[in-house]
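The values are calculated or read from the model by the stated rules, or taken from the named source; none is laboratory data. Keep in mind it's a predicted model, so treat the numbers as computed, not measured. Positions of Cβ are backbone-derived with ideal geometry, glycine not excepted, and every protein chain shown enters the neighbour counts. Note: areas computed on protein heavy atoms with side chains; ligands, DNA, RNA excluded. Shrake-Rupley method; radii C 1.70, N 1.55, O 1.52, S 1.80 Å.
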Amino acid sequence: MTMLPTLPPTVDPAGAAERSRTPRPPRHLADLDLAARREAVAALGERDFRAGQLSHHYFARLVRDPARMTDIPGAARERLASALLPALLTPVREMACDGGATRKTVWRLHDGALVESVLMGYPDRVTACVSSQAGCGMGCPFCATGQAGLTRNLSTAEIVDQVVSFAGAAARGEVPGSPGRLSHVVFMGMGEPLANYNRVIEAVRRLAAPAPEGLGLSQRHITVSTVGIVPAMRRLADEDLAVTLALSLHAPDDDLRDELVPVNQRWKVAEVLQAAWDYAARTGRRVSVEYALIKDVNDQGWRADLLGRLLAPRLAHVNLIPLNPTPGSRWDASAKPVEQEFVRRLRAAGVPTTVRDTRGREIDGACGQLAASEQGRRSADDHLVRSGCRGRKAEQ
Ligand code: SAH
Ligand code: SF4
């Protein structure tokens with residue numbers, strides 16, 4: 001491999017750069033906690049208990065249409081809905097696969113930015129994979145989102161609304177073969193969640209707060225996936241949250257990780273792993289180490305052995321992801337026997353290892369690909385026809 005990123009990735013947790021370029025998304029009740037919603041309702045000249053009613057419709061009934069909020073008088077309903085329930089996400093493309101159990105939506109935001117979310121139904125759970133940013137500034141060369149760069153951070157409500165929208169679909173019975181209630185959220189869509197720290201943490205709090213303040217999900221069922229921004233990982237450990245941390249490692253050695261994950265030029269493998277172990281110690285939560293297997297790049301036996309030595313004594317498991325090649329990429333997924341040997345070596349070292357279910361791949365399921373193709377005005381329908389809907393691979 002010869003490619004080295006020319007610039008180190010930019011980390012802009014406060015979002016100062018994007019704020020100066022784009023108008024902020026409209027305020028929405030999901031941006032506010034219940035006390036702030038009461039204040040906002042009072043400021044509109046309405047009785048403050050209306051905040052609870054609105055919240056109940058949005059978070060418990062999963063209803064956003066004011067016409068269905070019949071316990072609120074008509075005029076007040078319109079006023080409250082236009083001030084606190086603006087439409088944040090407009091679907092521009094919906095695609096389904098696996099008989100409807102996997103469903104992907106590309107949303108247009110108020111300023112035209114595109115993001116995507118994936119809904120996955122299983123016999124025992126329904127998972128939403130959500131975006132935290134439009135684009136991403138971390139520049140991982142194998143990732144479609146990284147290739148497009150960062151457009152802007154999402155607001156708390158833009159993140160929460162992706163989940164609430166899918167929770168509504170699940171509750172309406174639109175996810176066949178599943179329990180019909182959204183239970184899990186993974187921050188594995190577009191963007192680096194810890195580079196949009198405050199808004200992502202607020203979104204997590206909203207998702208976990210009991211209704212009507214929030215959606216009432218278990219913190220443990222929320223996974224924040226990070227490329228390894230060490231100071232933000234340490235900050236996360238200090239929050240009073242028990243969310244699952246996923247660390248996108250992709251290489252056990254600095255030489256290769258510097259190329260695959262440019263942020264490694266700033267925080268090295270040893271440092272990022274130490275932050276992960278400290279998170280595990282603080283929260284008691286097992287860290288999920290993500291490793292996209294790339295043919296002849298990071299799939300050698302010696303790298304599996306090195307990874308095994310680093311992780312074996314720790315509270316961690318490895319989630320191997322067969323690479324989903326991005327358009328025009330010179331990289332490919334590892335051959336199956338190579339993948340199996342990688343798994344065998346990790347397990348022999350005592351590291352629990354799974355191969356990720358590649359759901360939604362045929363609809364450009366991985367990280368930013370569908371929004372990228374939408375942006376490129378390539379027809380997603382054509383793409384679906386070309387790639388077929390192959391059904392999901394079983395976990396090993
Ligand atoms: N920015 C965060 C979360 C979003 S990416 C992160 O990097 O962790 C979610 C996961 O998808 C990460 O583990 C990422 O490395 C992986 N990923 C990105 N592009 C991929 C591709 N083309 N094939 C397989 N996995 C990919
Ligand atoms: Fe950003 Fe994650 Fe893609 Fe890297 S893999 S560019 S951090 S979204």
For the list (1) more than 21 Å from residue 222 (Cα to Cα); (2) in contact (Cβ under 8 Å) with a residue 24 or more places away in the chain, I need the number of the one condition that residue 78 fails.
(2)
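I'm trying to understand the selection: among the residues of the stretch 55-69, which are small (Gly, Ala, Ser) and modelled with pLDDT of 95 or more?
So in the stretch 55-69, the residues small (Gly, Ala, Ser) come out as 55, 60, 67.
Residues satisfying the conditions are 55, 60.
Per-residue answers, yes or no, for (1) over 15 Å from residue 158 (Cβ atoms); (2) under 18 Å from the mean Cα position of the chain (by Cα):
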{"site": "41", "(1), (2)": "yes, no"}
{"site": "57", "(1), (2)": "yes, no"}
{"site": "62", "(1), (2)": "yes, no"}
{"site": "86", "(1), (2)": "no, no"}
{"site": "98", "(1), (2)": "yes, no"}
{"site": "105", "(1), (2)": "no, yes"}
{"site": "116", "(1), (2)": "no, yes"}
Can you tell me which condition residue 317 does not meet? The list is (1) within 16 Å of ligand 2 (Cβ to nearest atom); (2) closer than 22 Å to residue 188 by Cα; (3) not acidic (Asp, Glu), and all the others hold.
(1)
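Looking at this structure, is residue 327 surrounded by 15 or more Cβ atoms within 10 Å (Cβ to Cβ), at pLDDT below 95 and within 30 Å of residue 95 (Cα to Cα)? Reasoning before the result, please.
Numbers: surrounded by 15 or more Cβ atoms within 10 Å (Cβ to Cβ): no; at pLDDT below 95: yes; within 30 Å of residue 95 (Cα to Cα): yes.
Against the criterion (surrounded by 15 or more Cβ atoms within 10 Å (Cβ to Cβ), at pLDDT below 95 and within 30 Å of residue 95 (Cα to Cα)), residue 327 does not qualify.
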Please count how many residues of the stretch 147-177 are open to solvent by 30 Å² or more (accessible area, probe 1.4 Å) and away from ligand 1 (no atom under 16 Å from the Cβ).
6
Residues of the stretch 220-269 being open to solvent by 20 Å² or more (accessible area, probe 1.4 Å), among the basic types (Lys, Arg), closer than 26 Å to residue 331 by Cβ and free of Cβ contacts under 8 Å to residues at least 40 places away in the same chain, which ones?
268
Members of the stretch 191-210 found to be farther than 19 Å from residue 167 by Cβ, of a type outside the set (S, T, N, Q) and surrounded by fewer than 24 Cβ atoms within 10 Å (Cβ to Cβ), listed by number:
197, 199, 201
Answer yes if at least one residue in the stretch 261-280 is within 16 Å of ligand 2 (Cβ to nearest atom) and in contact with a Phe, Trp or Tyr (Cβ under 7 Å, 6 or more places away or on another chain), and no otherwise.
no
Could we say that residue 213 is surrounded by fewer than 22 Cβ atoms within 10 Å (Cβ to Cβ), over 18 Å from the mean Cα position of the chain (by Cα) and farther than 15 Å from residue 273 by Cβ here?
yes
Failed item, numbered, when residue 133 is tested on (1) farther than 24 Å from residue 319 by Cα; (2) within 14 Å of ligand 2 (Cβ to nearest atom):
(1)
Among the helices (runs of 4 or more DSSP H) contained in the stretch 138-228, which hold 2 or more residues that are more than 9 Å from ligand 2 (Cβ to nearest atom)?
156-171, 197-208
Find the residue count for the stretch 127-137, including only residues that are touching a helix residue (DSSP H, G or I) at 6+ places or on another chain (Cβ under 7 Å), part of a strand (DSSP E or B) and near ligand 1 (Cβ under 10 Å from one of its atoms).
1
From (1) of a type in the set (A, V, I, L, M); (2) touching a Phe, Trp or Tyr at 6+ places or on another chain (Cβ under 8 Å); (3) surrounded by fewer than 23 Cβ atoms within 10 Å (Cβ to Cβ), pick out the condition that doesn't hold for residue 130.
(3)
